[in-house]
1. Take the residues in region 10-62 that are within 14 Å of residue 82 (Cβ to Cβ) and exposed (fewer than 13 other Cβ atoms within 10 Å of the Cβ); name whichever of them is farthest from ligand 2 (Cβ to nearest atom).
2. Scan region 203-214 and tell me whether some residue there is touching a residue at least 24 places away in the same chain (Cβ under 8 Å) and in a loop (DSSP other than H, G, I, E, B).
3. Out of 130, 176, 172, which single residue is farther than 15 Å from residue 8 by Cα and out of contact with any helix residue (DSSP H, G or I) (no Cβ under 7 Å at 6 or more places or on another chain)?
4. Of all residues in region 101-138, which are within 24 Å of residue 62 (Cα to Cα), within 16 Å of ligand 1 (Cβ to nearest atom) and in a loop (DSSP other than H, G, I, E, B)?
5. Within region 49-69, identify whether any single residue is over 25 Å from residue 16 (Cβ atoms) and assigned to a loop (DSSP other than H, G, I, E, B), and answer yes or no.
6. Find the residue count for region 14-41, including only residues that are touching a residue at least 12 places away in the same chain (Cβ under 8 Å) and either in a loop (DSSP other than H, G, I, E, B) or more than 27 Å from residue 93 (Cβ to Cβ) (or both).
7. Residues of region 70-81 being more than 16 Å from ligand 1 (Cβ to nearest atom), within 23 Å of residue 18 (Cβ to Cβ) and touching a strand residue (DSSP E or B) at 6+ places or on another chain (Cβ under 8 Å), which ones?
8. Among the residues in region 191-205, are any more than 10 Å from ligand 1 (Cβ to nearest atom), out of contact with any helix residue (DSSP H, G or I) (no Cβ under 8 Å at 6 or more places or on another chain) and under 26 Å from residue 74 (Cα atoms)?
Ligand SMILES: O=C(CO)[C@@H](O)[C@H](O)COP(=O)(O)O
Ligand SMILES: [Fe+2]
């Protein structure tokens, strides 16, 4: 399986974003992961469409926008206009999930649903044909630098089986939170195809080498 690595900018120096982006883009990142938090869905506030727009002008990498916000439908068009290429909404924040996914797709970008660590795979069973990706949180959303929650690994396996049974092999499984060289092996073995990593990459002495190690092409 082709593995993509998406550095999370949450762990970057926000006062030097353009430079930070250059280091991971030159270092071989596949996507840039952008964490949007509203202080309601999660107990932290990060950035909005204005910053996404600024990031877009400094990279050719696809922007993987992880919306940890309530009422995402109100803001999705703005994030797409700002340059989002993949939009993840949390199932826990979407009472009309099917409608939200159609909205994302109607804007011509990839639609993804994110699940908190305790949220069962069955929550998305009836929308799997409308998805380009599923984001499985491997920490409780809200902050970078947290510890990987191991009980999510069987959920990755369960989702991969569900996708295989429905001939949806093109649907990516993204994992997010606590990914490092060790946990990367566990999630890839279970069927994940997009690995988000913030602290592991931005705190590494050699970011390019860390990206290669997480992807697994470096032994
Ligand atoms: O969505 C989130 C946190 O809510 C993540 O994208 C984190 O930013 C990942 O950071 P690390 O756990 O890799 O440091
Ligand atoms: Fe994220």
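Each value in this text was obtained by applying a stated rule to the coordinates, not by laboratory testing. These figures come from a predicted structure and were not determined experimentally. Virtual Cβ from ideal backbone geometry, glycine too; neighbours counted across all protein chains shown.
1. 57
2. Looking for residues that are touching a residue at least 24 places away in the same chain (Cβ under 8 Å) and in a loop (DSSP other than H, G, I, E, B), one finds at least one in region 203-214, hence yes.
3. Working: 130 fails: out of contact with any helix residue (DSSP H, G or I) (no Cβ under 7 Å at 6 or more places or on another chain); 176 fails: farther than 15 Å from residue 8 by Cα.
After applying the criteria, what remains is 172.
4. Correct list: 116, 138.
5. Residues of region 49-69 that are over 25 Å from residue 16 (Cβ atoms), as a first pass: 69.
If we keep only those that are assigned to a loop (DSSP other than H, G, I, E, B) as well, we get 69.
Checking region 49-69: at least one residue is over 25 Å from residue 16 (Cβ atoms) and assigned to a loop (DSSP other than H, G, I, E, B).
6. 15
7. Result: 80, single match.
8. Checked region 191-205: no residue is more than 10 Å from ligand 1 (Cβ to nearest atom), out of contact with any helix residue (DSSP H, G or I) (no Cβ under 8 Å at 6 or more places or on another chain) and under 26 Å from residue 74 (Cα atoms).
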